[in-house]
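As structure tokens, the structure follows; a few thoughts come after it.
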Amino acid sequence: MRKLKFWETIAIGLVAVSLGIILSLQFKVVQNSLLGGLVPSRKSAEIASELVKVREEKDKLLMQLAEVENKLDEIEESSVKDNQFLMNLKNDVKKYKTIGGFTDVTGSGITIKLDNPPEDMTFSSDLNIIDDYTYIIYLVNELKAAGAEAIAVNGQRIIATSEIRQASDAINVNSIPLSAPITIDAIGNPDTLEGALSARFGYVEAIREKNYQIEVKKMSKIDILKYSGVVKFKYAEEVE
Amino acid sequence: MKFKNIRWLILMTLLGMLIATQWRTMSLGVKYVGLGELSNFQREVDIEKAEVEQLKELIAENNDKISEYNKAIESERSIYEVLDKEIKDLKMNSGLTKVKGPGILLLIDDSERELNEYTDRSDLIVHDLDLAHLVMELQAAGAEAISVNGQRVLMNRSNIFCNGPVIKINNQHLGPPYKIWAIGNSKHLESAVNTPWSYANRLRLFGLFVEVNTKIIVEIEPYNQPIVQNYLEEIKEGE
């Protein structure tokens with residue numbers, strides 16, 4: 001084989017260098033850490049269309065629900081009117097609905113905003129409030145002790161049988177998966193509620209020390225929506 | 001000479017292909033999304049799906065009620081029965097009735113292990129947060145009613161707090177041993193306690209006394225504290 005001329009060596013060298021650069025660029029695009037990596041848009045388009053579909057279904061169901069509820073209200077009203085005894089019973093139903101958390105309520109209270117540490121911190125952290133979901137249990141426990149009359153976590157009303165638990169990378173409340181940021185609303189005496197949480201060595205301090213962002217705000221009026229599911233007991237039955 | 005040409009050809013073809021790939025990647029760049037974003041997206045879909053399930057149940061329930069009313073509409077007596085049943089159901093769902101059903105008894109007591117220089121004595125006793133965790137695990141396993149030493153535990157009302165040597169639930173003082181009764185699918189409840197990564201098992205490893213029995217019939221008292229509603233107001237419809 002003939003010896004290469006000088007310019008030929010340079011040319012092959014250039015080609016090889018550019019090949020290397022392009023290869024490494026290509027690798028970098030796909031080879032980042034798992035959640036920092038990129039995926040083609042097709043997958044996200046699929047999920048987006050799924051989301052649109054589910055939302056449409058939800059809207060349809062919401063309308064259907066409103067319709068059915070109206071119908072039920074009408075029937076209830078018409079069947080108890082002109083009868084004081086039945087009207088009283090109807091009011092009792094309402095009272096127990098409110099006690100159980102099956103009506104939308106309003107009142108003074110506090111709202112707690114809980115979020116992961118800010119991402120632009122000098123040293124990054126892997127802290128995720130999902131892994132420290134026990135803090136949410138403790139906060140709710142504390143609110144109940146301070147006399148909260150209604151509590152909701154990210155809009156999920158806490159009722160007698162509500163669970164708060166970790167399920168893979170989400171927190172399930174009333175079997176609805178939630179993720180950061182977490183908002184806890186509570187109706188009660190705003191001063192008592194806020195004071196109980198912000199006391200020295202209280203949970204707000206502990207949570208802040210762990211670098212999570214937490215903010216407690218007193219509210220003169222806060223709305224808490226009713227429980228959005230159906231309670232069905234399969235095993236328990238009433239004892240007379 | 002011929003051999004050299006082939007070599008060039010291969011090299012250039014490769015370069016051309018790579019440039020083309022890279023070009024496509026760059027020009028599509030805006031449409032690439034992060035995996036983190038994607039999983040958030042996926043979670044949103046999951047949330048919506050869970051809510052759709054709830055909505056379906058709610059609609060079914062309302063339809064049931066409507067048909068009950070329609071059946072009852074003939075006589076006054078039966079409308080009374082419908083309303084009465086609704087109140088009973090609401091009371092039961094809110095933990096205000098005595099209930100019975102299959103379930104478990106979970107016994108927790110302080111450790112009888114000797115204290116040595118490496119253990120702290122607070123490791124050997126049952127704390128308020130231990131009970132709170134155990135109760136929450138049972139709730140997550142689908143318990144329909146829970147009580148600790150006779151005190152009904154409601155997730156929206158009962159708080160569990162340490163008060164010196166005893167634990168306060170519903171403002172009642174309770175001392176060890178703690179008997180946690182729960183009604184529900186006894187297999188689910190039992191395995192919630194016995195899985196290796198459960199909180200109960202962690203207590204067991206600490207040396208605390210943890211024992212679970214499945215019971216054929218468990219009876220649980222109603223919530224016995226006054227329900228205070230000083231700050232809460234129902235939102236009237238149309239407001």
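On the basis of being crowded, with 19+ Cβ neighbours inside 10 Å, polar (S, T, N, Q), under 27 Å from B:ASN93 (Cα atoms) and at the interface with chain B (Cβ under 10 Å from one of its Cβ atoms), does A:ASN88 make the cut? Full working, then the answer.
Numbers: crowded, with 19+ Cβ neighbours inside 10 Å: no; polar (S, T, N, Q): yes; under 27 Å from B:ASN93 (Cα atoms): yes; at the interface with chain B (Cβ under 10 Å from one of its Cβ atoms): yes.
When the stated conditions are applied, A:ASN88 does not pass them.
Could you please find all residues in the stretch B:77-87 being touching a Ser or Thr at 6+ places or on another chain (Cβ under 9 Å) and either more than 7 Å from every other protein chain (Cβ to nearest Cβ) or in contact (Cβ under 8 Å) with a residue 24 or more places away in the chain (or both)?
Listed by number, the list holds a single entry, B:VAL82.
Within the stretch A:155-162, can one find any residue that is within 27 Å of B:TYR223 (Cβ to Cβ) and in contact with a Pro (Cβ under 8 Å, 6 or more places away or on another chain)? Working first, answer last.
Let us first name the residues in the stretch A:155-162 that are within 27 Å of B:TYR223 (Cβ to Cβ), namely A:155-162.
Keeping just the survivors that are in contact with a Pro (Cβ under 8 Å, 6 or more places away or on another chain) gives none.
Looking through the stretch A:155-162, none of the residues is within 27 Å of B:TYR223 (Cβ to Cβ) and in contact with a Pro (Cβ under 8 Å, 6 or more places away or on another chain).
So for the stretch A:165-186 (the condition being in contact with a strand residue (DSSP E or B) (Cβ under 9 Å, 6 or more places away or on another chain), facing another protein chain (nearest Cβ under 7 Å) and surrounded by 21 or more Cβ atoms within 10 Å (Cβ to Cβ)), does at least one residue qualify?
Yes, the stretch A:165-186 has at least one match.
Determine if the stretch A:63-81 includes at least one residue that is at pLDDT below 90, part of a strand (DSSP E or B), crowded, with 16+ Cβ neighbours inside 10 Å and of a type in the set (A, V, I, L, M).
no
Checking B:GLU74 against (1) in the same structural domain as B:ASN156 (by TED's automatic domain parsing); (2) surrounded by fewer than 16 Cβ atoms within 10 Å (Cβ to Cβ); (3) assigned to a loop (DSSP other than H, G, I, E, B), which single condition isn't satisfied?
Single failed check for B:GLU74: (1).
Say we look at the stretch B:135-159 and pick out the residues that are without any contact (Cβ under 8 Å) to a residue 24 or more places away in the chain, assigned to a loop (DSSP other than H, G, I, E, B) and in contact with a strand residue (DSSP E or B) (Cβ under 7 Å, 6 or more places away or on another chain); which of these is farthest from the other protein chains (Cβ to nearest Cβ)?
Selected residue: B:VAL153.
Restricting to the stretch B:138-169, what's the tally of residues that are buried (at least 20 other Cβ atoms within 10 Å of the Cβ) and out of contact with any Leu (no Cβ under 8 Å at 6 or more places or on another chain)?
So the count comes out to 12.
Pick from the stretch A:142-163 the residues that are at the interface with chain B (Cβ under 8 Å from one of its Cβ atoms), among the aliphatic types (A, V, I, L, M) and crowded, with 22+ Cβ neighbours inside 10 Å: which of them is farthest from the chain's Cα centre (by Cα)?
A:ALA160
Looking at A:ASN154, A:ASN128, can you tell me which residue is touching a strand residue (DSSP E or B) at 6+ places or on another chain (Cβ under 8 Å) and under 24 Å from B:GLU44 (Cβ atoms)? Please lay out each step first, then the result.
On the way: A:ASN128 fails: touching a strand residue (DSSP E or B) at 6+ places or on another chain (Cβ under 8 Å).
Within the list A:ASN154, A:ASN128, the selection yields A:ASN154.
Have a look at A:GLU209, A:GLU240 and point out the one that is surrounded by fewer than 19 Cβ atoms within 10 Å (Cβ to Cβ), outside the structural domain of A:LYS113 (by TED's automatic domain parsing), of a type outside the set (Val, Ile, Thr) and more than 16 Å from A:SER108 (Cα to Cα). Walk me through how you get there before you give the answer.
On the way: A:GLU209 fails: outside the structural domain of A:LYS113 (by TED's automatic domain parsing).
Just a single option satisfies the conditions, and that option is A:GLU240.
The values are calculated or read from the model by the stated rules, or taken from the named source; none is laboratory data. All of these numbers come straight from a predicted model, not from anything done at the bench. With ideal geometry, Cβ positions are generated from the backbone for all residues, glycine too; neighbour counts draw on all protein chains shown.
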